[in-house]
1. Pull up the range 19-31, narrow it to residues that are under 16 Å from P194 (Cα atoms) and touching a residue at least 12 places away in the same chain (Cβ under 8 Å), then point me to the one that is farthest from the chain's Cα centre (by Cα).
2. May I ask you to list the residues in the range 25-70 that are open to solvent by 60 Å² or more (accessible area, probe 1.4 Å), in a helix (DSSP H, G or I) and acidic (D, E)?
3. Does the range 72-82 contain any residue that is open to solvent by 70 Å² or more (accessible area, probe 1.4 Å), of a type outside the set (F, W, Y), more than 30 Å from S221 (Cβ to Cβ) and within 31 Å of the chain's Cα centre (by Cα)?
4. Please list, ordered by first then second residue, the pairs with beta carbon atoms under 8 Å, 6 or more apart or interchain, first in the range 85-101 and over 18 Å from D166 (Cα atoms), second of a type in the set (S, T, Y).
5. For the range 92-114, give me the residue count where each residue is open to solvent by 50 Å² or more (accessible area, probe 1.4 Å) and not acidic (D, E).
6. Restricting the search to the range 3-18, which residues are within 33 Å of the chain's Cα centre (by Cα) and surrounded by 14 or more Cβ atoms within 10 Å (Cβ to Cβ)?
7. Residues of the range 102-137 being outside any helix (DSSP H, G or I) and touching a residue at least 24 places away in the same chain (Cβ under 8 Å), which ones?
8. Tell me, which residue of the range 123-141 that is modelled with pLDDT of 90 or more and of a type in the set (D, E, K, R) is farthest from E94 (Cα to Cα)?
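The values are calculated or read from the model by the stated rules, or taken from the named source; none is laboratory data. As the structure is a prediction and not an experimental result, all values here were calculated from the model. Here Cβ is always computed from backbone atoms with ideal geometry, including for glycine, and neighbour counts include all displayed protein chains. Ligands, DNA and RNA are excluded from the accessible area calculation, which covers all protein heavy atoms including side chains. Shrake-Rupley method; radii C 1.70, N 1.55, O 1.52, S 1.80 Å.
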Amino acid sequence: MSKLQFEDLLKAGVHFGHLKRKWNPHMAPYIFMEKNGIHIIDLQKTLAKIDEAAGALKQIAKSGRKVLFVATKKQAKQIVSDLVGAVNMPYVTERWPGGMLTNFPTIRKAVKKMSSIDKLMKDPSNWNNLSKREKLQITRQRAKLEKVLGSISDLTRLPAALFIVDVMKEKIAVREAQRLGIPVFAMVDTNSDPKDIDFVIPANDDASDSIKLIVGEMCASIADGLGERKAEREKDMGEKKDQKVKTKKSPAKKDDLVEDDEDLQDENDDIEDDDSDVDIDEDEDIDSDLDDDSDIDDDDEK
């Protein structure tokens, strides 16, 4: 369950929607009422949707996959970069590069180019041989790449999900995710269409307090998932170490078993020797009895 309360959403202004004349009819199930020409979002449904989205993001993080956060609007840039950077997830706060998902290999080439520039700048022998003009061009190119792709440099494969702050502003990202079948989590205001969103969070996507509250809750769920993943891995490592210790001790036990088998074999041999002695003595007694019987028969004949 979410740690957020109804009062927290109310204080952050999550319930404020857009003007009535700008609304999208598909958002009708999430609208509570209209007041002074402004739609009011139903916060009970918002709380339920936050719980649902937080649980799904937690499972994604627990499985070791990445969630890409997209928020290029001015009031969300700094908030998203601070909160998402704390949990080591990729994010886009500058212009969305077209084809970032559908043409991901090309984006990876640009990221590799940025890393190659870093290696060149760290190598004094090659860097010092360049002219001043070349150095200036390379540094400008590096700054441009860093601005657009610096926050996704660790994204080596397609993300498992997208979290979007403003659906209308990030419509290209939503379309690319739909084409690739990537689930989309989004803060959806009353002027947006929720049809193409897998996990809808009806909320005010313009107020910085509202963005900070909901994005912070999503990041907290991701942090919990990462913590559980780390605990499970440590537990597995401990079990593997115990198994290695047991396998190291097992040869000594085998030697003991071999010695025990040898002792049992010696005891069995002794028992067999005793049995053979008893059999021989009994046979001799039987032969002597037979001889006595033969003597008795001879006397009777006489």
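1. K22
2. Correct list: E52 only.
3. No, the range 72-82 contains no residue that is open to solvent by 70 Å² or more (accessible area, probe 1.4 Å), of a type outside the set (F, W, Y), more than 30 Å from S221 (Cβ to Cβ) and within 31 Å of the chain's Cα centre (by Cα).
4. Listed pairs, sorted by first residue: G85/Y91; G85/S151; G99/T106.
5. Kept after step one, since they are open to solvent by 50 Å² or more (accessible area, probe 1.4 Å), are these residues of the range 92-114: 94-95, 98, 102-103, 105-106, 109, 112-113.
Filter again for not acidic (D, E), leaving 95, 98, 102-103, 105-106, 109, 112-113.
Final tally of qualifying residues: 9.
6. L4, D8, L9, A12, G13, V14, H15
7. T102, the sole residue that qualifies.
8. Ranking the qualifying residues of the range 123-141, first place goes to K132.
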